[in-house]
Amino acid sequence: MFTLKYYELYRNSKDPVQYRGMLVEYALKYGINPTAREFKTTPKTVRKWVERYKAEKKPVLQIV
């Protein structure tokens, strides 16, 4: 799916909030570790955004 690492895609993205939303949706569907592999990031990063999503109960995550 992605050839660049999460940080590079996020940094160069015109809409990073949407990119994070994609990451969270994928994680909720497939799990933390498969998402980390797919988005080329660490499980810790995926877990952080999933936890923030669950805490705020918002479909779109704000930049923190």
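The values are calculated or read from the model by the stated rules, or taken from the named source; none is laboratory data. Bear in mind that the values here come from a model prediction, so they are computed numbers and not experimental data. Note that we place each Cβ from the backbone using ideal geometry, even for glycine, and neighbour counts take in every protein chain shown.
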* Members of the stretch 10-34 found to be at pLDDT below 65 and either part of a loop (DSSP other than H, G, I, E, B) or under 14 Å from Val46 (Cβ atoms) (or both), listed by number -> Tyr10, Ser13
* Tell me which of these Tyr6 doesn't satisfy, since it passes every other one: (1) modelled with pLDDT under 75; (2) over 9 Å from the mean Cα position of the chain (by Cα). => (2)
* Asked: Is there any pair with a first residue in the stretch 40-64 that is at negative phi and a second that is of a type in the set (Gly, Ala, Ser) and at pLDDT below 90 whose Cβ atoms are under 8 Å apart and which are 6 or more apart or on different chains, and what are they?
  -> Pro59/Gly21; Val60/Gly21; Leu61/Gly21
